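**Q** My questions will all concern the structure given below.
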Amino acid sequence: MRRFLRLALIFWTVVRYGLDDLALSGFSDQRVRWLRRLTSVGRSWEQPRGVRLRLALERLGPIFVKFGQVLSTRRDLVPPDIAEELAKLQDRVPPFPASLSRRLVERAFAKPIEALFARFDAEPVASASIAQVHFAQLHDGREVAVKVLRPGMLDIIEDDLGLLRTLAAWVERLSADGRRLKPREVVAEFDMYLHDELDLVREAANAAQLRRNMDGLNLVMVPEMIWDLCTAEVIVMQRMHGLPISQVDGLREAGVDIKKLARDGVTIFFTQVFRDGFFHADMHPGNILVSVAPETFQRYVALDFGIVGTLSEFDKDYLAQNFVAFFRRDYKRVAELHVESGWVPPETRIDALEAAIRTVCEPQFDRPLKDISLGQVLLRLFQTSRRFNVEIQPQLVLLQKTLLNVEGLGRQLDPDLDLWATAKPFLERWMDEQVGARALTRVLKKEAPRLAQFLPELPRLLHDALKQQAAGRSTEATQQLVNELRRTNRMLQSLLWALLGFTGGAVAAVLLLRWFQLPL
């Protein structure tokens, strides 16, 4: 019954704000135009379409607000008037009453506000879909930000996710494309991340991890958490200062190099993804400030860590190889990677997939970001993926969403930013660290304690294996051990020959240098 009532509320909201008319207006088919005229009989709207869409999303709750936040950064896909209105969803969602916020803080810590803070600003400085933020001052003089979870959020999200699960099941049942896109697994991913966002202690832990990872990069700052004042419903953190990244004119007046700022944003993103495998996955403009203080001038200030993404070593390696292959226009390697990873059936023709990928991507190179529509590229890739039965990987959904955010930020800061040229050296350097000499040294250091423990046992294990084999009692486990020993022996021999070759080459080079330095 609750789900039915929620569905009825969504339908009523769509009709009330004229979103059906807004959706149908984008079709040129004559039959759709007649349907639009029929459904608009007796209805009129005084407010512009962008305002109506924003109000409808606010009315429908956090999942819909987050959808609007992503759309607000895609000005190549969304008309300017709608994008401007949706941008207000980033930090100007209507707040809940200050008195309620005060009660929630006091309940969380079982103390009156006066015992917790020397000053607590009743007026929220930001109000988003999940929580709102108040500035305050601790008794020791530190300036802090207090984040308070919106009451009743869990029930609303459970209802919406229930509807999404039902819709995903229908899509999988009725559409072959739907089964390939794995909508139920995608909904399960968003379910996990949304519930993580409702636990503010988890957000505080995410911030602490990201702060450690970014320490030393000198491009981004993350607030320090006040752990004595962190609960699941309220967290207190260091107050950060800066200008919103969306205020480009204000940043220019402060002397910020906008083009460098755009390049730094790309560097931060690729560092988090490919070096750490732990990235800020909610990078819309409302969560990003830029410091103008002299000691931290032009650094990014990251806020709101409720949603972060993680990548395994396999995911990072696969993505990095794909990016490098794209940047080198090696479409055959891209096709091979799709087959190797299991994204497409093994019987797929490499040359056909290579030609399809080239057709989509080749026109996008050597063009400034302002002339590239990622939306059109994604549409063409979707058509290509349907032809080759490509399976969408749910674990990469957050990364795809963050890529859209990064593109939107880059487009807003510097429309002429060459994203490919900025990212290519970083990825090539990362790949060199993964497969070059430094990678071998790192792996040997990591495995040294295990090898030191295992190598002394090799003679005894080999003797036992040979003894069992001679007695005709060889087992599958013994055979596996022998195979592993053979592989280890081959690896050690290869390493030994490589070291001997390197040493011999070095000695020869020294002798040649000395020979040419002799007088004639």
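Nothing in this text is a laboratory measurement; each read-out follows from the coordinates by a stated rule. Since the model is a prediction, treat every value here as computed from it, not as a measurement. Here the Cβ positions follow ideal geometry from the backbone for every residue, glycine too, while neighbour counts run over all protein chains shown.
**Q** Give me the one-decimal nm value for the distance between modelled label points at Arg31 and Asn218, 7 Å along each residue's Cα-to-Cβ direction.
**A** Taking the two extended label points, one gets 6.4 nm.
**Q** For an R0 of 45 angstrom, estimate the FRET efficiency from the Cβ-Cβ distance between Asp121 and Arg329 and round to the nearest 0.05.
**A** E between Asp121 and Arg329, to the nearest 0.05, is 0.25.
**Q** Also, I was wondering about something else. Pop out the ³J(HN,Hα) list for segment 322-333 in order, Karplus 6.51 cos²θ - 1.76 cosθ + 1.60 with θ = phi - 60°, rounded to Hz; leave Gly and Pro as x.
**A** 5, 4, 4, 5, 4, 4, 8, 6, 8, 6, 5, 5
**Q** Grab the other residues whose beta carbon is less than 11 angstrom from that of Val220, score K and R as +1, D and E as -1, and report the net.
**A** Here the charged neighbours net out to 0.
**Q** A further question on this structure: Assigning unit charges at the beta carbon (Lys, Arg +1; Asp, Glu -1) and nothing else, what dipole magnitude in debye, to the nearest 20, does segment 104-147 show about its Cα centre?
**A** That gives a dipole near 160 debye.
**Q** Could you give each residue of segment 298-307 its phi-based ³J(HN,Hα) in whole Hz, using Karplus coefficients 6.51, -1.76, 1.60 with θ = phi - 60°, and x for Gly or Pro?
**A** Coupling constants for segment 298-307: 6, 7, 5, 10, 8, 10, 6, 10, x, 10 Hz.
**Q** Could you tell me the relative contact order of segment 89-140? Use alpha-carbon pairs under 8 Å, at least six residues apart, and round to a whole percent.
**A** 40
**Q** Another question, if that's okay. Over 20 Å between Cα atoms, which of Lys88/Lys260; Lys66/Lys260; Lys66/Lys316; Lys66/Lys259; Lys111/Lys147; Lys316/Lys424 qualify?
**A** Lys88/Lys260; Lys66/Lys260; Lys66/Lys316; Lys66/Lys259
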